[in-house]
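Worksheet: the structure to be examined is printed underneath.
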Amino acid sequence: MSFEQLGLMPRLLQAVAAQGYTIPTPIQAQAIPAILEGRDVMGGAQTGTGKTAAFALPILQNLSQRGRSKSRRPRCLVLAPTRELAAQVGEFVATYGKNLTLRSTVVFGGVGINPQIDKLRRGVDILVATPGRLLDHVVQGTVDLSEVEILVLDEADRMLDMGFIHDIKRVLKLLPKKRQNLLFSATYSDEIKRLTDKLLDNPAMIEVARRNTAAEKVAQVVHPVGLKAKRVLLAQLVKEGNWERALVFTRTKHGANRLATYLEKSGIGAAAIHGNKSQTARTRALAEFKAGKVKILVATDIAARGLDIDKLPHVVNFDLPNVAEDYIHRIGRTGRAGCSGNAVSLVSADEQKLLRPIERLLGKQIPVDIIDGFEQNQADKDEETFVDFRRKGKKSGGFSRSQSGGASRRSNVASNRNALAPR
Ligand code: AMP
């Protein structure tokens, strides 16, 4: 299968070739013809599958062939959950559409609204937006959605998780009834099904990869470690493993800041991105990371959602996520495009309860590797862990199963001590 066979026009084929793409990904092979035909599409696909090109290419073609609108009001609206994803989609749309005369722009919060207003006033064909800022423009009367022909909900599951359903419903009311709808989601919750039923008309249902496919390509390991020792262990892993680039997830924004500061003090270039940072700071941190100026990007789930970072060999769960599916999203940042990936989880005693739902979702256990000097018994001595357990009225637990990870750096003491914990 080639891009030519999908029915794309020469100017798009040139742009695709310039990107170095030779073979369409599965979602592209299925979605591009359906979208070109004008059909609604439900795409079950996560970031990393090539889904952006799967919708952007046929949209560019359809709009380009229909000719310019006189009003130059947006004819395609792409809604995305985060600023980073919106920016990324906007970049791809601009790149793929570089040989066409269509205009596109991106609007999201956290940056000045006036430059966005200027661009909207000059006219755009494709508007990529986060829901909140789009509604700000609606309220100010600086965008008119009455001529939208194509609506894309990208990472719809995440938009629902983030509580955007009311914003989305408000936006839907502003769109013409007759339009093409494309919805992409990595997961199928009941909420997503309801939205799909309401929104899509006889859609092409395309599902390209089970949601844990990305996870299968990634070597995963759990290192049990005390809460306070986590950052020391991380610095050791980075230094001893000569890690050049790693994305590290923390549960909280403060945790991300504290960890980045600690790593910097330990001589490891690090930056943090999360929702409290200004958009300029987030963009700068991401650019520095992509350029290799900082080795470690510390991020919260929401800030990192949808990030497309080439050649990312390591993902670290500094804290395990509360929602098992976030684990899949996190480790899906690595092991992309045939590259090998390595996902490390630093798990303190109080986080073990979070492992079980993750492993259920994966359908397998994650190997446990206890690193000398960072054993679970160290975790038990850890003051913070004790405080945490006392507060919850629980005894500290440990890893119950036999370690199935690599043979090196292992201490048996810890596994024996901790054989009592329920799993
Ligand atoms: P996405 O899932 O849209 O975030 O895309 C993930 C990555 O795959 C991006 O870096 C794209 O540049 C890349 N990509 C998209 N389509 C192809 C393709 N057909 N061949 C190779 N790389 C691709």
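A few points about this structure:
- The set of residues in region 45-66 being near the ligand (Cβ under 7 Å from one of its atoms) and of a type in the set (K, R) consists of K51 alone.
- Qualifying residue in region 277-292 (condition: within 16 Å of the ligand (Cβ to nearest atom), in contact (Cβ under 8 Å) with a residue 60 or more places away in the chain and either open to solvent by less than 60 Å² (accessible area, probe 1.4 Å) or in the same structural domain as A246 (by TED's automatic domain parsing) (or both)): yes
- Residue within region 175-189 that is in the same structural domain as R75 (by TED's automatic domain parsing), free of Cβ contacts under 8 Å to residues at least 24 places away in the same chain, open to solvent by 10 Å² or more (accessible area, probe 1.4 Å) and over 25 Å from L36 (Cβ atoms) present: no
- Checking each residue in region 273-296 for being more than 14 Å from E84 (Cα to Cα) and of a type in the set (A, V, I, L, M) picks out A291, V294, I296.
- Residues that are modelled with pLDDT under 85 and open to solvent by 60 Å² or more (accessible area, probe 1.4 Å), drawn from region 264-276: N276
- Residues of region 19-44 satisfying the condition of being in contact (Cβ under 8 Å) with a residue 60 or more places away in the chain, surrounded by fewer than 23 Cβ atoms within 10 Å (Cβ to Cβ) and either within 13 Å of the ligand (Cβ to nearest atom) or within 17 Å of the chain's Cα centre (by Cα) (or both): Q19, T25, P26, Q30, G44
- Considering P74, P58, the condition of being part of a loop (DSSP other than H, G, I, E, B) and crowded, with 23+ Cβ neighbours inside 10 Å is satisfied by P74 alone.
- Residues of region 77-107 classified as within 13 Å of the ligand (Cβ to nearest atom) and assigned to a strand (DSSP E or B), total: 1
- V111 meets all of the listed conditions (1) surrounded by 20 or more Cβ atoms within 10 Å (Cβ to Cβ); (2) outside any helix (DSSP H, G or I) but one, namely (1).
- Within region 293-329, the set of residues being part of a helix (DSSP H, G or I), of a type outside the set (D, E) and either open to solvent by less than 60 Å² (accessible area, probe 1.4 Å) or in contact with a strand residue (DSSP E or B) (Cβ under 7 Å, 6 or more places away or on another chain) (or both) comprises A303, A304, A324, Y327, I328, H329.
The values are calculated or read from the model by the stated rules, or taken from the named source; none is laboratory data. These figures come from a predicted structure and were not determined experimentally. A quick note on method: Cβ atoms are made from the backbone with ideal geometry, for glycine too, and the neighbour counts reach across all protein chains shown. Protein only, heavy atoms only, side chains kept; ligands, DNA and RNA dropped before computing areas. Shrake-Rupley method; radii C 1.70, N 1.55, O 1.52, S 1.80 Å.
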